[in-house]
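Quick note: the coordinates plus some simple rules give every number you see, no bench work behind them. What you see is a predicted model, and the numbers here were worked out from it, not measured in a lab. Neighbour counts are summed over all protein chains in view; Cβ atoms, including those assigned to glycine, are modelled from backbone coordinates with ideal geometry.
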Amino acid sequence: MFVGVAVPLIVWSVLAVLAKHPFGIWASGMAFGALVAMYAVLHESPPAHIENWRTGFEGERRTARALAPLRRDGYVLLHNLPDRRSSKEEYKGDIDHVVVCPAGVFLLNSKWLGGEVSIKGETVHVQRRDDDDDSYQLPRLASGIRGCAVRLQEDIATKQSGVRWVQPVVVFWNRFEAGVDKGGNVVFVHGEQLVEWLREQKPMMSPERVAHVAACIKSARPPEPHGWWERLPVLGGHGRAAPRDKPPRPGGETVSARASLRS
């Protein structure tokens, strides 16, 4: 609608100025105002696929920020790995995150959905708070991420990784009252509880084995070089940027060390 109004006004204003029409300045002002309004509407209400990409990327970034402190504990964090649909196809799509740690290999899919999430079996139900008619279900989300995990396990098995199971995990950043839900063999967890949940898992691998498995994954699924996650700052708990080290105080420890203990 705005385009249909703005274009004729622009044409009219140009013709009016050229013809020294007395209403030329007024028409130009109207055209400018229409363009500004059109830009504001398009910026605040982008097409659905643009909005989905924007919220999806923000969910991935939040997960990456939450996971970052685990590197200090020897966890290997991989982001944006390629995926394939079947053994006969080239790589298509991607995997948001893979965590390799003493407790095993975890494949994470980040979601930031527009509503409150609940799980029934393996079906994700999204309840829109502003409009019940817009509520919807995602019945194939669990099977989709499980398929990604199975394909990753198959690929790294060819590298002599010794990994028999890759745990699929869906990470929600919208409201998820349950916090953690083990829907069959797929785990659903809120982003704010992700790190705590990972640390609670029973260790099964030595640090040397963790490094070997991570190398197998990088060989089977080479990550994108120089990804956005490499530009993340050193992070503290809950996704906050950790303070830079400052000179030690009389106690001998740095400010950042005490901050990490508090987090």
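The table below lists the values:
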quantity	calculated
Sequence of T63, T123, T158 once ranked by neighbouring C-beta atoms within 10 Å, starting from the fewest	T158, T123, T63
Ranked list, fewest to most other Cβ atoms within 10 Å of each Cβ, for K111, K159, K120, K202	K202, K120, K159, K111
Residue order, fewest to most surrounding Cβ atoms within 10 angstrom, among F188, F106	F106, F188
Amide H contacts of F188 (H built 1.01 Å from N, under 5 Å, at least 5 apart or other chain)	V170, D181, K182, G183
FRET efficiency for Y136 and E177, using Cβ-Cβ distance with R0 set to 25 Å, rounded to 0.05	0.90
Calculated from backbone phi, Karplus (6.51, -1.76, 1.60) coupling profile of segment 173-189 in Hz, x at Gly/Pro	10, 8, 4, 8, 4, 5, x, 9, 9, 8, x, x, 9, 10, 9, 10, 9
